[in-house]
Structure formats: structure tokens, C-alpha cells
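Written below as C-alpha cells is the structure these notes are about.
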Amino acid sequence: MSMRIALFGATGGIGRRVLARLLLAGHTVTALSRRPGAVVAGPATRPITGDVTDPEAVAATVTGQDLVVSALGVATTRPDTTVSVGTRTIVAAMAEHRVPRLIAISGNGLGVNGGPVVDRILTPTLLRHVKVEAQAQEAAITDSPLHWTIIRPFRLVDRWPPSVAYRVAESFSPTVVVRWTTRDDAARAIIEHLDDGPRSVLWVASGGR
């Protein structure tokens, strides 16, 4: 069934893939981006220029939609609250304009089965602000009354040699072996779970054990 979908983070590594898959599936997409022209207008694509922390721009994006997809991600290792503040702004606009369903990518999988260097060295140091921001983003979602699904990738990659088949689960057993998620598979998980039940956190793995 075709739906009207608001998309945030449409120009990012996952967001571009989500937009393409949504259009291929026959949905109509309203996408917010900071840069004019970053999202190309089309028969089923309505771009809006603005910032995700701006309540007016966010309200214009979510009004009249059936659901909201957030592919927002932290783009810096420095302290930055754009994703968490933007998520709170999205949640508030959805509540005000009676849009009940949110599905969002979260960076909270960082530091989980990403390998010893990522998990034990980089996540507590260089990437600590990314992890903190991802946790704040999730809190903004889970504290809301919305029907939400959080998608947690493991270590994100663009490509990887074929390995274990793409899997989605509410939990994976701990392992010392590296797990990874391609951005294509993260986008695929969003599309496949648009119609999920009220609240869930789902992990996505493209490879590893």
C-alpha cells in the first residue's frame, strides 16, 4: 500500500538508499534537507529546505504524512547534539500533527561486536560523543508516546565480501567476532519494517557470527 512518508537525513549514506527504496516501492516522500537542491523534486518527491532542529521546517515536513522515517546520523566525533535535538523536534511535531509512527536508524550499535579496536579503544575515546548522542537520540524516541521502531546497525560499511545472509533480530548473542552492517542492508531493514507493531528495537547484521 502506498503511503505518504516524511524522511529526515535523506542525503546521508543510509538516507539516500532509503529514499530510493521508498520511491521504488511506490511511496510519496517529503524530504527535509539543509541544502537547496540536495533532494531532487519529482512526481513522488517533495523536497523541503530547512534544519531538523527548526520546529517550523520539521512541522512542514511531517504535516499530512502517514509515518516518519529518520535516517539522521552523527557526522562528527566532536560534541554535537543535532541528532538528539532534531529527534526531539521531530517527536514533538509528530505529536502535534497526529502522525503516530516513527522508524529511525540509531548509532547506538556502535561499540557492540565491532571488533576489539572499535569496541575497547575507539568507542570509549574518539567516538564517545557519537555514542552519547546516539543514546540521547534513542531516549527521545523511547520516552515518546509514538509507535516507534529503532533500527540498530552494527559496524557500518558500504561494501563487504559476501558472508552470512542479512539478518534482523531483537537481539544477537555476544561474540568476539566482528559483526557488520552494510548501509544498503540498514536501508532495507527500514523498508521491511515500516508497518511493524507499536514499539521495538531491531538489530541488523550483514555479516559476522
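The values are calculated or read from the model by the stated rules, or taken from the named source; none is laboratory data. Here the structure is a predicted model, which means the values were calculated and not measured. Here Cβ is always computed from backbone atoms with ideal geometry, including for glycine, and neighbour counts include all displayed protein chains.
If I go through region 4-36 residue by residue, how many of them are farther than 24 Å from L156 by Cα and under 17 Å from the mean Cα position of the chain (by Cα)? Summing the residues that are farther than 24 Å from L156 by Cα and under 17 Å from the mean Cα position of the chain (by Cα) in region 4-36 gives 3. Looking at region 155-209, which of the residues that are in a loop (DSSP other than H, G, I, E, B), modelled with pLDDT of 80 or more and of a type in the set (S, T, Y) is nearest to T142 (Cα to Cα)? For region 155-209, the residue satisfying everything is S171.
Evaluate the following for A41: is it small (G, A, S), without any contact (Cβ under 8 Å) to a residue 12 or more places away in the chain and farther than 26 Å from V132 by Cβ? Taking the combined requirement at face value, the residue satisfies it.
Of all residues in region 8-20, none that is without any contact (Cβ under 8 Å) to a residue 24 or more places away in the chain and assigned to a loop (DSSP other than H, G, I, E, B) has its Cβ atom under 6 Å from the Cβ atom of a residue that is surrounded by fewer than 24 Cβ atoms within 10 Å (Cβ to Cβ) and of a type in the set (G, A, S), 6 or more apart or on another chain. Among the residues of region 29-54, those that are of a type outside the set (A, V, I, L, M, F, W, C) and in contact with an Asp or Glu (Cβ under 9 Å, 6 or more places away or on another chain) comprise R34, G50.
Does L24 count as at pLDDT 95 or above and farther than 15 Å from H147 by Cα? Talk me through it step by step, then tell me what you get.
Working: at pLDDT 95 or above: yes; farther than 15 Å from H147 by Cα: yes.
The answer is yes for L24.
Which members of region 21-38 meet the condition of being aliphatic (A, V, I, L, M) and either crowded, with 22+ Cβ neighbours inside 10 Å or without any contact (Cβ under 8 Å) to a residue 40 or more places away in the chain (or both)? Outline the logic, then answer.
So in region 21-38, the residues aliphatic (A, V, I, L, M) come out as 22-25, 29, 31-32, 38.
Result: L22, L23, L24, V29, A31, L32, A38.
Does T53 satisfy the criteria of being in contact with a Gly (Cβ under 6 Å, 6 or more places away or on another chain), closer than 26 Å to R128 by Cα and surrounded by fewer than 20 Cβ atoms within 10 Å (Cβ to Cβ)? Can you show your working first?
On the way: in contact with a Gly (Cβ under 6 Å, 6 or more places away or on another chain): yes; closer than 26 Å to R128 by Cα: yes; surrounded by fewer than 20 Cβ atoms within 10 Å (Cβ to Cβ): yes.
Here the answer is yes, as T53 does meet what is asked.
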